[in-house]
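The values are calculated or read from the model by the stated rules, or taken from the named source; none is laboratory data. Keep in mind the model is a prediction, meaning the values are calculated, not measured. When we count neighbours, we look across all protein chains shown, and the Cβ atoms used for this are built from the backbone with ideal geometry, even at glycine. Accessible surface is based on the protein model in full, side chains and every heavy atom, while ligands, DNA and RNA are left aside. Shrake-Rupley method; radii C 1.70, N 1.55, O 1.52, S 1.80 Å.
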Amino acid sequence: MKKIILAACCLLIACVNMKAADYVPQNYVWTSQSRNSSESMPCGGGSIGMNVWVENGDVLFYLSRSGMFDENNTLLKAGRFRLRIEDKDITKFSQRLSLNDGAMYITLNDATIKLWADVFSPNVFMTISSKQKINATLSYESWRYKDRPLTKAECQQSSWKWDVKPDCMTFADSIKPGRNAISFYHQNRKETVVDYTIEKEKLSAVKSSIYNPIGGLKFGGTMTAPDFTFRNATDGKYASTDFRAWNYAAKGIKNATVKITLHDNFTDTAKDKQNVNAATSAKRSAKWWHNYWQRSYIIAKDKNSEAAHIARNWELFRYILGCNAYSKWPTKFNGGLFTFDPEYVDAKMPFTPDYRRWGGGTMTAQNQRLVYWPMLKSGDTDMMEAQFDTYLRMLPSAIARTKYYWNHGGACFTEQLENCGLPNPAEYGSHKKTSNYGVMDNAWLEYLWDTSLEFCSMILYAHEYTGMDIKKYEPLIENCLTFFDEHYQYVARQNGKKALTEDGKLILYPGSAAETYKMAYNASSTVAALKAVLKQWEEYGKDTSMALRIPEIPFRVLASGDSVISPAVVWTRCQNEETPQLYPVFPWRIYGLGREGLNIARNTYSKDPLALKMRSAKGWKQDNIWAACLGLTDEAKQLCIEKFKDGPYRFPAFWEPGFDWAPDCNRGGSAMIGLEEMLLQEKPDGEIMLFPAWPKEWKVKFRMNASKGRVINAEN
């Protein structure tokens with residue numbers, strides 16, 4: 001009864017689509033300088049990210065933009081920038097990230113430096129203002145002033161990984177200093193790792209149908225500084241990497257503006273790509289960031305509580321996601337736009353700042369999905385389009401490889417997927433002449449094809465939440481579903497006389513329950529995915545006769561007599577740390593609060609020894625999400641606290657690598673999802689459930705988004 005009364009009270013104070021006072025997030029401030037780049041603070045917008053820190057009085061920042069892939073498919077940084085004010089010792093210092101306008105403010109004695117990225121065009125601005133006249137040096141620093149051979153270990157940053165060609169290297173940039181400006185760009189060779197991938201995977205016959213985003217790609221930028229004059233070039237070393245600096249000097253200035261324009265072969269959405277000035281950019285970017293924070297927020301009433309700490313880190317990570325709001329390419333799970341010198345992550349990796357583990361153009365979809373699921377409830381569906389469009393660009397490749405390998409319809413998207421739409425060449429493995437070239441020769445990744453269905457589901461949810469026009473994505477969804485229908489009938493005919501079971505169901509074998517339960521028959525994660533997406537597809541108004549051929553989710557009975565969801569009907573081996581038997585809870589929402597089978601799902605979470613063995617808050621682990629979806633408040637609370645603990649690199653939302661790289665964006669995404677599920681869930685009929693797994697002692701008010709365009713404001 002108490003729970004019913006509490007729910008009723010919550011509903012009374014929930015406001016749907018009600019105008020409230022504008023929310024202004026708190027600034028994030030440091031009052032001491034940093035030791036190195038690992039103690040940097042993020043700043044960015046649109047498609048640009050900067051790691052900003054002050055070290056020994058110098059203002060430094062790395063500059064990154066989504067889509068800067070070289071011929072090895074490494075996501076390169078644009079370079080490092082340094083501002084040195086020739087002054088006495090720094091006696092007055094602060095570094096402030098203003099979330100409300102998306103800008104960074106640094107105070108060095110009497111001088112103030114403001115740094116921001118324009119949200120609507122690929123421009124960065126830095127303004128300098130001082131009460132007293134100052135002398136200053138502005139430097140562009142590049143470690144790619146020469147060709148750099150890559151070691152086998154360093155090739156993890158690229159698509160080669162361990163499948164390294166003998167002469168693998170990062171080629172030099174072209175860098176041209178002028179009197180008050182410097183240009184820098186990287187021109188990819190025509191032959192790239194994509195060409196190697198096509199040849200290795202025996203797809204040369206359909207090469208013209210394979211999307212190639214990096215062949216001949218040219219990208220870079222120009223720094224313009226009217227108040228600075230080129231002085232000289234010098235060599236230096238930062239961390240373990242040598243670099244060349246092009247130095248520009250200014251004397252006796254009180255005010256100066258520096259503009260950095262980035263460009264590539266893609267057409268930017270903004271019409272005023274190059275011509276925006278600092279004043280216009282600052283005003284319109286600040287307005288965008290202010291409006292961004294009105295979409296959703298979580299405010300703890302006790303500013304010193306655990307809830308306040310969690311809400312702050314949720315907000316800081318959401319800022320990181322907002323920095324890549326309007327890119328052509330999604331935020332990478334393995335560091336996003338904010339990686340830094342790798343030796344500060346692992347001392348055994350003294351590589352260049354371009355390094356990240358698991359590649360730059362490679363997408364591990366199991367991890368990538370966690371970055372984008374939380375954007376539904378945070379109200380950021382417009383930011384999801386970068387991920388959706390990436391799949392759409394890769395669709396012709398997936399259709400072509402499916403047709404070529406198996407001569408049937410649909411689109412096969414694998415795990416460890418390249419941005420060209422093909423499996424990563426190293427992860428693809430080494431096939432014998434008699435092999436099935438369509439299947440990855442990889443113990444973890446073989447037959448793992450269902451991750452694309454999560455992005456299909458996100459697309460349909462985005463339409464349900466906001467009315468997003470998703471017509472252009474219909475072929476993507478249709479082909480992803482068709483693949484499973486046609487492929488498993490094809491395989492069944494290869495192995496026997498009948499394409500379906502006795503009762504007319506697909507035989508989903510060989511399959512894979514995530515990367516963990518291998519050679520699986522009717523993996524519960526795949527069955528649930530097909531059931532859930534087909535249900536959404538039907539609600540969208542499309543034909544779903546295929547739904548009649550989907551088998552049932554498998555169960556098993558524990559020694560205790562309790563029924564639980566099984567990873568599959570049968571499997572031959574278990575070799576990773578995932579819990580796919582809980583995927584029917586999330587992301588597929590077949591079981592959970594307000595749904596049938598809640599007890600079976602809770603048994604799976606709480607009693608299944610296979611699930612208990614995998615329990616963790618590390619990295620991409622999803623136990624916090626499942627606990628919240630099942631209304632297990634105590635477990636959800638504890639896992640939420642662990643997920644949102646400050647990272648080790650000074651900025652709280654820069655988390656350790658986990659299973660991947662730093663800052664760990666799939667940890668941030670999974671933490672966000674779990675927190676949002678604790679605050680707000682929906683029943684299948686759309687009825688709102690407020691605070692379904694929220695500790696009553698955590699007093700908060702929040703704004704979140706729900707289906708049918710509803711904006712929910714509530715407090716407990």
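Given (1) open to solvent by 50 Å² or more (accessible area, probe 1.4 Å); (2) modelled with pLDDT of 95 or more, where does W143 come up short, assuming only one miss?
Here W143 clears every test but (1).
Does the stretch 585-604 include one or more residues that are closer than 25 Å to M458 by Cβ, surrounded by 19 or more Cβ atoms within 10 Å (Cβ to Cβ), among the aromatic types (F, W, Y) and in contact with a Cys (Cβ under 8 Å, 6 or more places away or on another chain)? Before you say what the answer is, go through the steps one by one.
Within the stretch 585-604, the subset closer than 25 Å to M458 by Cβ is 585-598, 601, 604.
In the following step, the residues that additionally are surrounded by 19 or more Cβ atoms within 10 Å (Cβ to Cβ) were identified as 585-593, 601, 604.
Now narrow it down to the ones that are among the aromatic types (F, W, Y): 586, 588, 591.
Now restrict to residues that are in contact with a Cys (Cβ under 8 Å, 6 or more places away or on another chain): 586.
Yes, the stretch 585-604 contains at least one residue that is closer than 25 Å to M458 by Cβ, surrounded by 19 or more Cβ atoms within 10 Å (Cβ to Cβ), among the aromatic types (F, W, Y) and in contact with a Cys (Cβ under 8 Å, 6 or more places away or on another chain).
Within the stretch 388-418, can you find the residues that are over 21 Å from E515 (Cβ atoms) and crowded, with 24+ Cβ neighbours inside 10 Å?
Across the stretch 388-418, the qualifying residue is only S397.
Which condition does T544 not pass, out of (1) of a type in the set (S, T, Y); (2) surrounded by fewer than 19 Cβ atoms within 10 Å (Cβ to Cβ); (3) at pLDDT 95 or above; (4) closer than 30 Å to E682 by Cβ, if it passes all the others?
(3)
Name the single residue that is farthest from the chain's Cα centre (by Cα) among those in the stretch 361-412 being closer than 23 Å to N624 by Cβ and among the hydrophobic types (A, V, I, L, M, F, W, C).
Checked the stretch 361-412; the qualifying residue farthest from the chain's Cα centre (by Cα) is L376.
For every residue, the table says whether it meets (1) closer than 30 Å to G438 by Cβ; (2) touching a residue at least 24 places away in the same chain (Cβ under 8 Å); (3) part of a loop (DSSP other than H, G, I, E, B); (4) open to solvent by 30 Å² or more (accessible area, probe 1.4 Å).
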| residue | (1), (2), (3), (4) |
| --- | --- |
| R179 | no, yes, yes, yes |
| S183 | no, yes, no, yes |
| T197 | yes, yes, no, no |
| K237 | no, no, no, yes |
| G252 | no, yes, no, yes |
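For the list (1) acidic (D, E); (2) more than 16 Å from D58 (Cβ to Cβ); (3) open to solvent by 20 Å² or more (accessible area, probe 1.4 Å), I need the number of the one condition that D89 fails.
Only one criterion in (1) acidic (D, E); (2) more than 16 Å from D58 (Cβ to Cβ); (3) open to solvent by 20 Å² or more (accessible area, probe 1.4 Å) is unmet by D89, namely (2).
Could you tell me whether any residue of the stretch 673-691 is within 18 Å of Y372 (Cα to Cα) and open to solvent by 20 Å² or more (accessible area, probe 1.4 Å)?
Within the stretch 673-691 (the criterion being within 18 Å of Y372 (Cα to Cα) and open to solvent by 20 Å² or more (accessible area, probe 1.4 Å)), the answer is no, since none of the residues qualifies.
If you go through the stretch 40-53 one residue at a time, do you hit one that is more than 17 Å from G335 (Cα to Cα) and either open to solvent by 20 Å² or more (accessible area, probe 1.4 Å) or in contact with a Gly (Cβ under 6 Å, 6 or more places away or on another chain) (or both)?
Within the stretch 40-53, none of the residues are more than 17 Å from G335 (Cα to Cα) and either open to solvent by 20 Å² or more (accessible area, probe 1.4 Å) or in contact with a Gly (Cβ under 6 Å, 6 or more places away or on another chain) (or both).
Restricting the search to the stretch 465-486, which residues are of a type in the set (S, T, Y) and either farther than 24 Å from P684 by Cβ or without any contact (Cβ under 8 Å) to a residue 60 or more places away in the chain (or both)? Talk me through it step by step, then tell me what you get.
Taking the stretch 465-486 and keeping what is of a type in the set (S, T, Y), we get 465-466, 473, 482.
Across the stretch 465-486, the qualifying residue is only T482.
Which of the residues that make up the stretch 98-135 are aromatic (F, W, Y), open to solvent by 30 Å² or more (accessible area, probe 1.4 Å) and under 15 Å from V59 (Cα atoms)?
Step one: of the stretch 98-135, the residues aromatic (F, W, Y) are 105, 116, 120, 125.
Then drop every residue that is not open to solvent by 30 Å² or more (accessible area, probe 1.4 Å), which leaves 105, 120.
Correct list: Y105 only.
When both residues are 6+ apart or on different chains and their Cβ atoms are under 6 Å apart, which pairs have a first residue that lies in the stretch 84-105 and is free of Cβ contacts under 8 Å to residues at least 60 places away in the same chain, and a second that is charged (D, E, K, R) and open to solvent by 70 Å² or more (accessible area, probe 1.4 Å)?
Close Cβ pairs satisfying both conditions: Y105/R96.
Among the numbered conditions (1) surrounded by fewer than 22 Cβ atoms within 10 Å (Cβ to Cβ); (2) touching a Leu at 6+ places or on another chain (Cβ under 9 Å); (3) in a strand (DSSP E or B), tell me where S512 comes up short.
All conditions pass for S512, except number (1).
Go over the candidates Y461, Y465, Y473, Y490 one by one and state the one that is surrounded by fewer than 18 Cβ atoms within 10 Å (Cβ to Cβ) and part of a helix (DSSP H, G or I).
Working: Y461 fails: surrounded by fewer than 18 Cβ atoms within 10 Å (Cβ to Cβ); Y465 fails: surrounded by fewer than 18 Cβ atoms within 10 Å (Cβ to Cβ); Y473 fails: surrounded by fewer than 18 Cβ atoms within 10 Å (Cβ to Cβ).
Result of the check over Y461, Y465, Y473, Y490: Y490.
Given the conditions (1) open to solvent by 20 Å² or more (accessible area, probe 1.4 Å); (2) assigned to a helix (DSSP H, G or I), which single one is not true for R318?
So the condition that R318 fails would be (1).
State the number of residues belonging to the stretch 273-313 that are surrounded by fewer than 20 Cβ atoms within 10 Å (Cβ to Cβ), touching a Pro at 6+ places or on another chain (Cβ under 9 Å) and among the hydrophobic types (A, V, I, L, M, F, W, C).
0
I'd like the residue in the stretch 83-116 that is among the small types (G, A, S) and either under 23 Å from T224 (Cα atoms) or not in a strand (DSSP E or B) (or both) and, out of all such residues, is nearest to the chain's Cα centre (by Cα).
Within the stretch 83-116, the first condition is being among the small types (G, A, S), and the residues that meet it are 94, 98, 102-103, 111.
Right, trim to either under 23 Å from T224 (Cα atoms) or not in a strand (DSSP E or B) (or both) and you get 102-103, 111.
Details: G102: 19, A103: 22, A111: 36 Å.
Result: G102.
Which of the helices (runs of 4 or more DSSP H) contained wholly in the stretch 609-716 include at least 2 residues that are under 20 Å from the mean Cα position of the chain (by Cα)? Lay out the reasoning, then the answer.
Details: elements: 609-613, 623-629, 633-643, 665-679.
Because the criterion is at least 2 residues that are under 20 Å from the mean Cα position of the chain (by Cα), the helices (runs of 4 or more DSSP H) in the stretch 609-716 that meet it are 623-629, 633-643, 665-679.
Per-residue answers, yes or no, for (1) in a loop (DSSP other than H, G, I, E, B); (2) of a type in the set (D, E); (3) in contact (Cβ under 8 Å) with a residue 24 or more places away in the chain:
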residue: W537; (1), (2), (3): no, no, yes
residue: A547; (1), (2), (3): no, no, no
residue: A568; (1), (2), (3): yes, no, yes
residue: I590; (1), (2), (3): yes, no, yes
residue: N603; (1), (2), (3): no, no, yes
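From the list V59, V54, which one is closer than 26 Å to F120 by Cβ and either outside any strand (DSSP E or B) or at pLDDT 95 or above (or both)? Talk me through it step by step, then tell me what you get.
Details: V54 fails: closer than 26 Å to F120 by Cβ.
Residue meeting the stated conditions: V59.
Identify the residue in the stretch 367-398 that is among the β-branched types (V, I, T) and touching a helix residue (DSSP H, G or I) at 6+ places or on another chain (Cβ under 6 Å) and, among all such residues, is nearest to F333 (Cα to Cα). So that I can check it myself, show each step before the final result.
First, pick out the residues of the stretch 367-398 that are among the β-branched types (V, I, T): 371, 381, 390.
Going one step further and asking which of them are touching a helix residue (DSSP H, G or I) at 6+ places or on another chain (Cβ under 6 Å), we end up with 371, 381.
On the way: V371: 7, T381: 18 Å.
Checking each candidate, the answer is V371.
For a quick check of your reading of the model, give me the residue pairs whose first member lies in the stretch 126-148 and is closer than 28 Å to R189 by Cα and without any contact (Cβ under 8 Å) to a residue 12 or more places away in the chain, whose second is open to solvent by less than 50 Å² (accessible area, probe 1.4 Å) and hydrophobic (A, V, I, L, M, F, W, C), with beta-carbon atoms closer than 7 Å and at least 6 apart or on different chains.
none
Contact list please: Cβ distance under 9 Å, first residue in the stretch 422-440 and of a type in the set (A, V, I, L, M, F, W, C), second residue assigned to a strand (DSSP E or B) and open to solvent by less than 10 Å² (accessible area, probe 1.4 Å), pairs at least six apart or on different chains.
Matching pairs, first to second residue: M440/P423.
On the given criteria, is T352 more than 30 Å from A286 (Cβ to Cβ) and modelled with pLDDT of 95 or more? Give the derivation first.
Working: more than 30 Å from A286 (Cβ to Cβ): yes; modelled with pLDDT of 95 or more: yes.
In short, yes.
Name the residues in the stretch 207-235 that are buried (at least 20 other Cβ atoms within 10 Å of the Cβ) and assigned to a strand (DSSP E or B), would you?
Listed by number, the residues that qualify are F219, G220, G221, M223.
Within the stretch 330-347, is there a residue that is open to solvent by 20 Å² or more (accessible area, probe 1.4 Å), of a type in the set (F, W, Y) and at pLDDT 95 or above?
Scanning the stretch 330-347, I find at least one residue that is open to solvent by 20 Å² or more (accessible area, probe 1.4 Å), of a type in the set (F, W, Y) and at pLDDT 95 or above, so the answer is yes.
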